[in-house]
Amino acid sequence: MNQEEFFKKITSHAKEYGFVFPSSDIYDGLSAVYDYGQNGVELKNNIRQYWWKAMVQMHENIVGVDAAIFMHPTVWKASGHVDAFNDPMIDNKDSKKRYRADVLVEDYIAKIEEKINKEVEKAKKRFGDAFDKEQFVSTNARVLDYKKEIEEVGHRLYAAMEANDLAGIKQLIEDLGIVCPISGSRNWTDVRQFNLMFATQMGSVAEGANEIYLRPETAQGIFVNYLNIQKTGRMKVPFGIAQTGKAFRNEIVARQFIFRMREFEQMEMQFFVRPGTELEWFKRWKEERLNWHLSLGIPAEKYRYHDHEKLAHYANAATDIEFEFPFGFKELEGIHSRTDFDLGSHSKYSGKKLQYFDPETNESYIPYVIETSIGLDRMFLAMLSHAYTEEKLEDGSERVVMKFPAALAPYKVAILPLVKKDGLPEKAREIMNELMPDFMCQYEEKDSIGKRYRRQDAIGTPLCVTIDNQTLEDNTVTVRDRDTMEQIRVNANELYNIIRKKVNGK
Ligand code: ATP
């Protein structure tokens, strides 16, 4: 199965099993906006909780906030979003399709990376066990040519983006001979800047309405509350403020399902530190955030860092944690050392001193900030694509199983009476009532037990508990494991501990 087919399977599975639906589905959907269904909302809540627990509950010096989506319009002036939150766009005159100009070039680079991967695969087959990937990619002439081209194209793109040189980006697209994937033509318009913020009106027009924005990131809600929280929480630097919530971006091209949406959710933490210590903290957060991902039991080779060489003017270090999605390695989370840019700028625009008096050094300063910022929906997509597995079973049948980390699975346990009579449903309900306050349980009595197991596999339920006639005699049940499909017989009194052990995400 190639990657495109695999991705299609994930998206249709997500719809078929109540994870993700297009928004306003009965009206044929709304572009790049999605709703989470009965299983999706559980998975999403569990990811959010897993993050919150790791960031807030497990750190004495990090607290939360829940700021409003609407903010004073000057916030976005101070943050630089009004003037600079732009993406370069370009249209193809034949297909009338609009593209992000930088993404066209990045896709071109990705194609060269694919060619390198193909060379590696070919060589692997040829050399067998003796194959040394590192040596091959650093010596093979064809691979070296590809790498050189990637570097040159990347360099031209970043230089043009940095200098806001729109004509230079267009020239690059022309020089590379990039064609529109729809029309196949090179008939491009000029590149123009497009601001990604959604604007709306606050108050009635008669009152004199104010133009305000839907927030394009949650971070600013943290910065404007810095002083409130530092003072009322008596927080001592270094400390952090965490927030999860919706953000809105009028993305020029929104594709790849929930990877790039116009309404999405972020989980962000701003960590305030003493100036001069920020690069140390940046390093720590870089490691800690990768460890958070790995703690879910996902193989390390699915992740990589992408350190930024070209930095935003306010940053002095930045990296992305990339995940290998079905369409390649892409940004999942950003970690940025933002200096005192945000608090400094808000101080200027608001006229309020956003400082910290450090009792250890006896001086006042604007703290420096390390930001960790992850898209909840992207993490959801990462989990969907990691979990989706097609398996051939020994009896020749097939199953689709969602191998979610147990801590994130929508339902933790399914309660299944073997038959719908002989008092088994009543006994099953009794067992379920005991477990429900602590775990998401699903009760199912329809269809054969085999079919019910398949349905639970398809939504990723880690454990199935089956109640049969023997249960009525000695209170024992069978517990089936989603991944190994092995069954053990245990006393129903042990279920709480068995499930707890399986699903705790420590
Ligand atoms: P990209 O380069 O993919 O547009 P970005 O660098 O603009 O992302 P940030 O502003 O750093 O992203 O936002 C932090 C995180 O928010 C990203 O790592 C990503 O997980 C998530 N995110 C950003 N834009 C979107 C979107 N349109 N849809 C879903 N998630 C998003």
Report, by residue number, each residue of segment 216-238 that is within 16 Å of the ligand (Cβ to nearest atom) and either of a type in the set (D, E, K, R) or closer than 30 Å to His13 by Cβ (or both). Glu217, Thr218
Expected single match for open to solvent by less than 50 Å² (accessible area, probe 1.4 Å), assigned by TED's automatic domain parsing to the domain that holds Val253 and over 29 Å from the mean Cα position of the chain (by Cα) among Gly128, Gly203, Gly168, Gly177 is Gly203
Considering each of Ile241, Ile258 in turn, give the residue that is crowded, with 18+ Cβ neighbours inside 10 Å, within 14 Å of the ligand (Cβ to nearest atom) and of a type outside the set (D, E, K, R). Ile258
Could you please find all residues in segment 326-345 being closer than 15 Å to Gln270 by Cα and either within 16 Å of the ligand (Cβ to nearest atom) or not in a loop (DSSP other than H, G, I, E, B) (or both)? Glu333, Gly334, Ile335, His336, Ser337, Arg338, Thr339, Phe341, Asp342, Leu343, Gly344
Mind counting the residues in segment 314-359 that are at pLDDT 95 or above, out of contact with any Gly (no Cβ under 9 Å at 6 or more places or on another chain) and among the aliphatic types (A, V, I, L, M)? 3
Are there any pairs with C-beta distances below 6 angstrom linking a residue in segment 346-364 that is in contact (Cβ under 8 Å) with a residue 24 or more places away in the chain to a residue that is open to solvent by less than 100 Å² (accessible area, probe 1.4 Å) and part of a loop (DSSP other than H, G, I, E, B), with the two at least 6 apart or on different chains, and if so which? His346/Leu354; Tyr356/Val237; Tyr356/Pro367
Taking the condition of being of a type in the set (Phe, Trp, Tyr), within 14 Å of the chain's Cα centre (by Cα) and buried (at least 19 other Cβ atoms within 10 Å of the Cβ), how many residues in segment 306-343 meet it? 2
Of the conditions (1) surrounded by fewer than 20 Cβ atoms within 10 Å (Cβ to Cβ); (2) closer than 20 Å to Met261 by Cβ, Asp377 clears all except one; give me its number. (1)
Is it the case, given these coordinates, that Glu494 is in a helix (DSSP H, G or I), open to solvent by 30 Å² or more (accessible area, probe 1.4 Å) and modelled with pLDDT of 95 or more? yes
Check segment 52-66 and report whether any residue there is assigned by TED's automatic domain parsing to the domain that holds Glu287, in contact (Cβ under 8 Å) with a residue 40 or more places away in the chain, of a type in the set (Phe, Trp, Tyr) and within 16 Å of the ligand (Cβ to nearest atom). no
Could you list, in sequence order, the residues of segment 15-24 that are part of a loop (DSSP other than H, G, I, E, B) and surrounded by 14 or more Cβ atoms within 10 Å (Cβ to Cβ)? Tyr17, Gly18, Phe19, Ser23
Give segment 350-362 a look and list any residue that's surrounded by fewer than 14 Cβ atoms within 10 Å (Cβ to Cβ) and outside any strand (DSSP E or B), or say none. Gly351, Lys352, Lys353, Pro359, Glu360, Thr361, Asn362
Within segment 25-35, the count of residues that are open to solvent by 40 Å² or more (accessible area, probe 1.4 Å) and free of Cβ contacts under 8 Å to residues at least 40 places away in the same chain comes to 6
Scan of segment 274-302 for residues that are in contact (Cβ under 8 Å) with a residue 12 or more places away in the chain and under 13 Å from Ala317 (Cβ atoms), ordered by number: Thr277, Glu278, Leu279, Trp281, Phe282, Trp285, Lys286
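The values are calculated or read from the model by the stated rules, or taken from the named source; none is laboratory data. Please read all numbers here as calculations on a predicted model, not as lab measurements. Glycine gets a Cβ as well: all are built from the backbone with ideal geometry, and neighbour counts include every protein chain shown. All accessible areas refer to the heavy atoms of the entire protein, side chains included, with ligands and DNA or RNA removed. Shrake-Rupley method; radii C 1.70, N 1.55, O 1.52, S 1.80 Å.
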